[in-house]
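Single-structure report; data block below.
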Amino acid sequence: MEPIIKVEDLTHIYPTGQVVAVKDISLEINPGEIVGVIGQNGSGKTTLVKHFIGLLKPTSGKVIVNGKDTAPLRVQQIAANVGYVYQNPNHQLFARTVREELAFGPRNLDLPEDEVNARVEQAVEFFHLEELLELHPYRISFPLRKLVGMASVYTMRPAVFILDEPTTGQDNITTQTVYRLIKKLRDEGSTVLCVAHDMILLAEVVDRMLVLRDGDLIMDATPREVFSDYEIMSSTHLTPPQITTLSLRLNGKFGAFDAAVLSIDEMVSEVQKFSNK
Amino acid sequence: MQGVVIPISMVPGDSIIHRINPLPKLAWAFGVLVISFATRNPLILSTLFVVGVILILVAQVGNAYLKVAMILFPISLTLIVLQSIAPAFPKPWTPIVSVGPFTIFQEGIYSGISMLLRIFAMTTWAMLMIMTSHPSDIFTSLQKIGMPYVLNFILTMTLQLLPILQNEFAVVLNAQKSRAMKGSGFGAILPSMVPVFVGAIERVQQLSISLESRAFGSSGHKTSYRRVRMTFWDILLIVLGIVFTAGMTYWIIVDKSLDWSETMVFHPAFAIGLVVFATLGFLAFVVIALRNVLQA
């Protein structure tokens with residue numbers, strides 16, 4: 001299968017100062033993969049994913065999206081295939097009403113007006129934005145603003161969906177919406193990249209994790225492998241979900257399970273298996 | 001996006017001018033401002049300008065100054081065009097040459113040239129002051145001589161708002177691009193302006209809340225992290241600045257022969273050439289600036 005994103009020896013140095021934000025990263029992401037990007041603040045996560053939509057261009061190396069080198073392309077051209085949900089919704093929203101915000105993207109894709117409206121309606125239903133449609137995006141609460149940001153990209157149905165810290169600052173209900181979104185995108189066959197500090201979210205939804213530390217890609221593996229690697233986890237100051245830590249401890253003490261456990265459901269079935277032994 | 005930013009801020013350095021206390025620099029910049037407004041004499045104005053440029057070179061901030069001057073010069077050229085056909089001068093005006101419905105006046109050319117020189121004399125000295133002094137040093141110094149804290153704060157915030165607005169503009173443009181914004185050109189830029197200003201107002205609101213929640217306006221003496229010292233030389237410079245400004249102003253008021261508006265006669269070819277150059281210069285600037293903004 002042709003990878004949808006291919007990164008070759010990517011290095012990015014910001015023009016202000018000599019900070020090397022990402023160093024010599026190579027990786028491939030296949031269509032339909034759900035990938036988590038983790039690392040401390042300042043480790044280069046956002047810098048890396050901004051290359052996939054062309055908001056940043058490599059200082060050296062290559063980024064190939066959908067078979068095309070991003071270097072000569074403009075953001076507008078890449079954006080038809082790649083959707084980027086900003087970490088800070090204030091950096092993403094600009095229209096005067098939520099409805100205009102949701103329609104901005106699909107209109108730019110030259111879709112017929114009834115298709116645009118249909119997509120807006122679907123997004124409104126999915127994200128429960130009915131009450132907000134005629135409000136100014138700046139007048140609604142931060143978590144909802146973030147959902148509007150996701151909805152505004154969702155209406156474009158991009159092949160690659162990049163979420164930058166979608167659950168930060170969210171309450172339980174809006175977090176559930178993020179879970180639903182990622183699962184829906186998976187069912188629709190989209191590729192999803194999710195930058196997050198929320199390990200519980202990642203443990204549940206991603207197939208693969210990229211671990212960054214000081215601009216280096218230090219691990220590229222399944223969440224189970226990453227969370228089980230004590231050295232990687234402590235060197236990046238990341239903590240696995242409590243349920244995973246518990247399973248690792250129990251394994252250390254009693255050799256209870258075959259591998260690290262990622263969710264409560266998994267724990268229940270593992271405990272059942274263990275008690276049957 | 002870096003291309004759109006206009007760099008009017010301190011250029012770090014260790015030149016002799018950087019080491020002078022901000023107050024004498026402020027006094028001289030203000031003095032030049034007073035003199036520039038007191039006279040239209042091209043010789044005085046261009047001398048002030050040239051001395052300012054020499055000091056800019058001494059301070060080694062030439063590059064940053066040039067960037068600002070490149071923007072300021074074509075814009076000020078409009079003064080020549082406007083003044084030449086409608087001088088800010090008491091009538092009667094002496095016509096030099098008529099082109100279609102427009103008449104170029106002797107007083108207009110004189111006034112245009114002196115206004116251009118005036119702008120450059122003032123801004124050069126002001127740039128010299130801003131580019132060689134740390135902003136908080138300027139405000140600490142002003143506070144020391146009794147400028148009210150609130151007024152001082154308003155000034156600081158105003159200076160800070162410009163880069164914030166520029167940044168905000170880049171952010172909104174990026175957001176629109178990343179949702180496949182159609183088209184390019186000025187029409188595409190305009191819609192970003194609304195959110196920029198909404199965002200700016202939002203920011204000011206937030207600022208006022210966070211200011212009040214941190215006891216802004218409570219009375220008491222305020223201290224500053226950065227300390228500024230006044231040496232004997234700084235005081236001497238201030239005194240010289242005041243004496244120079246007062247002396248020049250006195251001379252300008254008393255000596256009527258400094259008004260060259262009658263004696264400096266422009267050849268029609270020169271007048272036309274100047275106006276054409278000014279028009280083309282300004283138009284070229286607009287075209288280049290638009291292209292730069294659109295490409296960014």
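The values are calculated or read from the model by the stated rules, or taken from the named source; none is laboratory data. Worth saying up front: this structure is predicted, and the values here are computed from it rather than measured. In this analysis, Cβ positions are derived from the backbone assuming ideal geometry, glycine residues included, and neighbour counts consider all displayed protein chains.
Things to note:
- Among residues that are under 30 Å from A:Thr59 (Cβ atoms) and within 14 Å of chain B (Cβ to nearest Cβ), A:Val148 is not included.
- Considering residues of region A:153-176 that are part of a strand (DSSP E or B) and β-branched (Val, Ile, Thr) only, the residue surrounded by the most Cβ atoms within 10 Å (Cβ to Cβ): A:Ile162
- Scanning region B:31-61 for residues that are free of Cβ contacts under 8 Å to residues at least 40 places away in the same chain and closer than 30 Å to B:Arg226 by Cβ turns up B:Val51, B:Ile54, B:Leu57.
Results for (1) within 14 Å of chain B (Cβ to nearest Cβ); (2) touching a residue at least 60 places away in the same chain (Cβ under 8 Å); (3) of a type in the set (Gly, Ala, Ser), shown as yes or no for each residue.
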site	(1), (2), (3)
A:Thr46	yes, yes, no
A:Val49	yes, yes, no
A:Phe52	yes, yes, no
A:Lys57	yes, no, no
A:Ser60	no, no, yes
A:Val63	no, no, no
A:Ala71	no, no, yes
A:Val75	yes, no, no
A:Asn88	yes, no, no
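- Residue identified as at pLDDT 90 or above, under 25 Å from B:Val68 (Cβ atoms) and surrounded by fewer than 17 Cβ atoms within 10 Å (Cβ to Cβ) among B:Thr249, B:Thr279: B:Thr279
- Lone qualifier among B:Val81, B:Val11 - being β-branched (Val, Ile, Thr) and closer than 18 Å to B:Ser114 by Cβ: B:Val81
For every residue, the table says whether it meets (1) modelled with pLDDT of 80 or more; (2) surrounded by 12 or more Cβ atoms within 10 Å (Cβ to Cβ); (3) assigned to a helix (DSSP H, G or I); (4) not hydrophobic (A, V, I, L, M, F, W, C).
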{"site": "B:Met230", "(1), (2), (3), (4)": "yes, yes, no, no"}
{"site": "B:Ile235", "(1), (2), (3), (4)": "yes, yes, yes, no"}
{"site": "B:Ser257", "(1), (2), (3), (4)": "yes, no, yes, yes"}
{"site": "B:Phe285", "(1), (2), (3), (4)": "yes, yes, yes, no"}
{"site": "B:Leu294", "(1), (2), (3), (4)": "no, yes, yes, no"}
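- Subset of region A:130-140 (residues that are more than 14 Å from every other protein chain (Cβ to nearest Cβ) and surrounded by fewer than 18 Cβ atoms within 10 Å (Cβ to Cβ)): A:Glu130, A:Glu131, A:Leu133, A:Glu134
- When A:Leu262, A:Leu212 are screened for being within 20 Å of A:Lys183 (Cβ to Cβ) and outside any helix (DSSP H, G or I), only A:Leu262 passes.
- Flag for B:Val239 being at pLDDT 80 or above and either within 14 Å of another protein chain (Cβ to nearest Cβ) or surrounded by 11 or more Cβ atoms within 10 Å (Cβ to Cβ) (or both): yes
- Out of B:Thr124, B:Thr103, sole residue that is more than 14 Å from chain A (Cβ to nearest Cβ), farther than 30 Å from A:Leu93 by Cβ, assigned to a helix (DSSP H, G or I) and of a type outside the set (A, V, I, L, M): B:Thr124
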